[in-house]
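Please read the structure below before turning to the comments.
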Amino acid sequence: MQRKEKGIKDFVLLDKIDENSFVANLKTRFEDNAIYTYVGEVVVSVNPYKKLPIYGPEEIARYRGKYVFEPNINPHVYALTDTAYTAMKFKGIDQCIIISGESGAGKTEASKVIMQYIAAVENTNHNTEVDRVKEQLLRTNPVLEAFGNAKTNRNDNSSRFGKYMDIQFNFSGEPVGGHVTTYLLEKSRVNHQEKGERNFHIFYQLLAGGPTGDLQLQKDATKYPYLNKGGTVKVGSVDDAADFKEMKGGMDFIGFTADQQNNIFKVLGAILHLGLVEFAADEKDGSKVSTKPVLETIAKILGTTPAAIETGLSHKTIISGGNVISSPLTPDKAVYSRDALARQMYQRLFSWMIDRINEKVHTPHGEIKNVIGVLDIYGFEIFESNSFEQFCINYCNEKLQQLFIELTLKTEQEEYMKEGIQWTPIEFFNNRIICDLIEKKPGGIISLLDEDCMRPGDKSDKAWLEKLQSGIGAHAHFVTKKGHGDKTFPDNSFKLVHYAGDVFYNVNGFIDKNVDAFFKDLAQVMFESKNPLLREMFPDGDKATWKNAGKMPPTAGTAFKTSMNEMIATLNTKAPSYIRCIKPNDRKSAGVFDEDRVRHQVRYLGLLENVRVRRAGFCFRAESSAPATYPHWRGDARSGVKAILDHLKLDAKEYQMGKTKLFVKNPKTVFTFEEERENIIPKYVTKIQSWWRVIRVRRRIREYFEKLQQTFANIKKDPNFGKGTRWPAIPHPVLKNAESTLKSVHANWRAKRMVLSLSPERQDLLRKKCLGSTFFTSKRPWNLQRDWTGNYIPALGLAARSSAIFRGHGDKEVVFADEVLKYSRGARPDRRMLIVGDANIYKLDPAFKVTPKRVMSIKQIKAISVSPNKASVAVIHSTQPGFDTILDLGVSGQDRLSEFVVLTYLAARKAGHKFAVNVVDTIQYNNAENPQKPTQTVVFQASPRALKPGQPSTLKKGSTNTLFYAP
Ligand SMILES: Nc1ncnc2c1ncn2[C@@H]1O[C@H](COP(=O)(O)OP(=O)(O)O)[C@@H](O)[C@H]1O
Ligand SMILES: [Mg+2]
């Protein structure tokens, strides 16, 4: 989880849309180190001027594949980059990220953050080329910054050029190359710096860490006029020597050869020496170099002659109608020419390097499928005094605003039309009119400037201003002092009413800067030098080309206009994302939020308009998707979306259905959707997890049963029928019941098998014992081990006599016969022979008188009661009152009680009679043979001493009789 940031993370959610609440929210967030805030899909970034722990691989991972709107994710450039990358990869749409903001607002840092994110793109195919390109892309930075950045009063590492970089991706979405385009390098810095500023970093780096000896340079930067104009040659925190090393490492990695690097350093060195060249008037109207040794050094470094350079610097050569016309220059003009050479050398070196970088940072393998372009370009500039550079920069911003209108406002409204959405068109200021004012040909400001520059004869900025006044003075966005009639209006100036505010431009220097005069003879000197780099840099110095060159090279203004239109054309083919950078204070300090400064930027960046447009329109559209129709929707997408909306009970005013998209009015609604989604996802995750678990358990259950089958595959052949077989462990507690059922199924089956494997006699015995178990098991001790033979008096020839005994009673076989004790009513123990036939029970005296003492029909047995202890006594309850019998079946020393009960019970059942078998502590009986006599009660007590010798039990008479038995 990310920490929860303060404030509102998307300005479209602000309750009140005005500058105050906008700035207040920015401030709240800035003070909470929450430097990124959205305006819809635009990221507003406030420079924290300190390192924040919101970058790096872990943070990158957080944003990978995440949706920008996800409520638990803080706004970030990573999120914006991921969205662009994802759209590029999965929809195949080229993307561009446009970073704007004033100098020092954090544009270049933001572009590095983007690069970081892209360099972290997974190299799924482990393509070494991809790794090389990623590293190259990152390592071009120190090189570009060394040559293109400088310390200014606004930014210690200010980019002095506009940069557009295409990162090229292959079909797998991996970066395979890059291409840099630069705009309007601020080359005047080569000659001159404002107080407190420096020349481009590379010069100081070269002196601090470069081959100064070879270049005959001194380490001390203050010695060089081109470096010391700002009065600062050192930037507090910057280590120029270390930076040189890093820059050189970058050059090495990108692939600049040692020769190329040496030549680059030579050009730089020559520029520094050139700054030391001074002129004196010669005998005629011309000039000569007064610092000859410097001239010699330069000639040596550049591989040319001092004379060639001197002539070049002190003359101007132009081509007119195919003729080469050369005329001498005064010392003043020669200085101008010297500076122009230095600027040309630097600018051409810079361009040459960019070309080489583009050549090298591109893999020959890997096809380019899509690109993400990153535009890090100067934001609107309004200084005390604004010149040609500010004019170009602000024109650039007008163009970008046009693009913004084209790509967002207009496209947005056109999309509503296309989708058939009802919509009241909103008014927005279309700055087309300002772009036209500047660039229209003929009649635009640049065109009028060019006309003046190309006009033969003396030119003056003032005259040009007059021209502007008469040509376009009536334009609503153009104002001059004359037209305005206001005394406070600055002299020599015109005012442009830009979309972002009014700017006064001082016309001084416009013509010179636009012409950017560079005389052919100098180009020729460079071209003819022995240094191959210079030859490449100055192809226009080749005399062979002069004859045909009738046309003048384009002016700076026109060249810039052309490059801007190319840039816009490039961006126009891509889906844009915006990062708007804001500078919190002018002191480059952390923690300082200058509300006025911020308010000013919010205004001219048009951020409030951004919010308003977003809110006026439908803030969100998405290809229809379907959570309520989850997990399957079988209808068409449109009605699926409708189903979801109905389910969400969304107010019909809140949205409109387009043909392929859903348009939602209020951003809050979208956030609610998102929150809903956030909330619901864990539920689905749980569901999916539990499904998965079920699937896993099911699989394990299947495996369990397979194992079970294997285990018991040969069970039938096992003599023990699987007794003692180790059962496989159950994979899940849900199988506990199943397992115990299975085990009892197995036990039953096994018992049956065991029984079936026995002889018929044994089977019979087993059945009887099973019945016994239902009577006695866990109720009283009984002996299972013993065989039940039934007749324990065979020696006495009972069988022989039985027919005589049975005669007249109808029994056919002896079921049970044994010697027993019968207790009389007076508790006297009498020895008897007990015979259970299939119809009657006989009690005979021990002498086996054939006539039984008592015969009782089996059907007369009401119940048999036994005690729960070891006593072998049974009471046979008769249906005939007074005829109960109390018998001890333990005379033999064996417990035959159970056998007697079971066999008698079976005999009765066979005869169609059923009686109860009770196991009770206290038995009531009546054996008085007289129903009038009271019923007796017997309780049982274990006591060996109470027994008479040879007797299994003793009955002691009392109000309650006690039967003592051997424990
Ligand atoms: N996200 C950031 N985190 C920390 N410091 C930053 C950040 N953005 C900018 N800075 C600081 O501000 C300085 C100026 O930023 P930079 O990107 O060069 O501005 P710009 O390109 O807009 O002129 C940087 O050198 C750095 O010190
Ligand atoms: Mg920058």
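Counted over the chain, the DSSP beta bridges are approximately 75% antiparallel. In the distance distribution for the chain, Cα-Cα pairs more than 46 Å apart total 55 percent. If only the Cβ of Lys and Arg carry +1 and only the Cβ of Asp and Glu carry -1, the dipole of the stretch 677-768 around its Cα centre is close to 180 debye. Projecting label points 7 angstrom from Cα along Cα→Cβ for residue 757 and residue 863 puts them 4.1 nm apart.
Helix 258-274 axis versus longest C-alpha principal axis of the chain: approximately 40°, rounded to the nearest ten. Positive end of the dipole of the chain, charges at C-beta (+1 Lys, Arg; -1 Asp, Glu), about the Cα centre: which of 169, 261, 924 has its Cα farthest in that direction? Ranked along the dipole, the leading option is 924. One Cα centroid belongs to the stretch 918-965, the other to the stretch 873-914; the line between them spans 16 Å. Between the alpha-carbon centres of the stretch 280-333 and the stretch 195-225 there is a gap of 25 Å.
Computed on protein heavy atoms with a 1.4 Å probe, the accessible areas place 400, 742 in the order 742, 400, largest first.
Taking 0.36 nm per residue of separation and subtracting the current Cα-Cα distance, fully stretching the chain between residue 831 and residue 696 would add 41.3 nm. The ellipsoid equivalent to the alpha-carbon distribution of the stretch 237-300 has semi-axes of 35, 14, 8 angstrom, derived from the gyration tensor eigenvalues as √(5λ) and listed largest first.
Each residue was assigned an accessible area with a 1.4 Å probe, and for residue 686 the value is about 80 Å². Full extension of the chain segment joining residue 470 with residue 566 gains 31.5 nm, where the gain is 0.36 nm per residue of separation less the Cα-Cα distance. Take the Cα of residue 743, step 7 Å toward its Cβ, do the same at residue 789, and the gap between the two points is 3.9 nm. Projecting the Cα atoms of 88, 142, 201 onto the charge dipole of the chain (Cβ charges, centred on the Cα centre) puts 88 farthest toward the positive pole. Think of each Lys and Arg Cβ as +1 and each Asp and Glu Cβ as -1; about the Cα centre, that makes the dipole of the stretch 710-756 roughly 160 debye. Largest to smallest in accessible area, the residues 174, 536 fall in the order 536, 174 (1.4 Å probe, all protein chains included). The stretch 544-593 and the stretch 730-793 have Cα centres spaced 99 Å apart.
Between rounded, prolate and oblate, where does the stretch 764-965 land on the alpha carbon gyration tensor, with a ≥ b ≥ c its root eigenvalues, rounded for a/c under 1.5, else prolate if a/b exceeds b/c? Since a/c stays below 1.5, the shape of the stretch 764-965 is classed as rounded. Model label sites at residue 128 and residue 929, defined 7 Å from Cα along the beta-carbon direction, differ in position by 12.0 nm. Estimated from the Cβ-Cβ distance and a Förster radius of 30 angstrom, the FRET efficiency linking residue 300 and residue 135 is about 0.20. Taking amide H as placed 1.01 Å from N in the peptide plane, residue 791 has its amide H under 5 Å from the amide H of 817, each at least 5 places away in sequence or on another chain.
Here residue 229 is the anchor, and the lysines within straight C-alpha reach of less than 25 Å, apart from those fewer than 8 places off in the same chain, are 151, 187, 195, 219, 266, 288, 292, 333, 513, 588. Under 1.5 on a/c is rounded, so check that first for the stretch 471-511, then, if it is not, pick prolate when a/b is larger than b/c and oblate when it is not; a ≥ b ≥ c are the square roots of the alpha carbon gyration tensor eigenvalues. Rounded shape, in that the Cα axes give a/c under 1.5.
Between residue 260 and residue 290, what FRET efficiency comes out of the Förster formula 1/(1 + (r/R0)^6) with R0 = 51 Å and r the beta carbon distance, rounded to 0.05? Efficiency, from the Cβ-Cβ distance: 0.90. A full extension of the chain between residue 715 and residue 281 corresponds to an added length of 144.0 nm, given 0.36 nm per residue minus the alpha carbon distance. Relative to the 2.2 N^0.38 Å rule of thumb, the stretch 121-185 has a C-alpha radius of gyration ratio of 1.36.
Here the relative contact order of the chain, from alpha carbon pairs under 8 Å that lie six or more residues apart, stands at 10 percent. Just check the stretch 720-783 against the gyration tensor rule for me: Cα atoms, a ≥ b ≥ c as the square roots of the eigenvalues, rounded for a/c under 1.5, and otherwise prolate or oblate depending on whether a/b exceeds b/c. It is oblate, given that a/c is not under 1.5 and a/b is not larger than b/c. A simple packing score, the average count of other Cβ atoms within 10 Å per residue, orders the peptides 376-384, 227-235 as 376-384, 227-235, with the highest score first. Only the Cβ atoms of Lys and Arg (+1) and of Asp and Glu (-1) were treated as charged; on that basis the dipole of the stretch 764-965 about its Cα centre amounts to roughly 260 debye.
The values are calculated or read from the model by the stated rules, or taken from the named source; none is laboratory data. Computed from a prediction, not measured in an experiment: that's the story for all the values here. Glycine also receives a Cβ, built like all others from the backbone with ideal geometry; neighbour counts cover every protein chain displayed. Note: accessible area is taken over every heavy atom of the protein model, side chains too, but ligands, DNA and RNA are not part of it. Shrake-Rupley method; radii C 1.70, N 1.55, O 1.52, S 1.80 Å.
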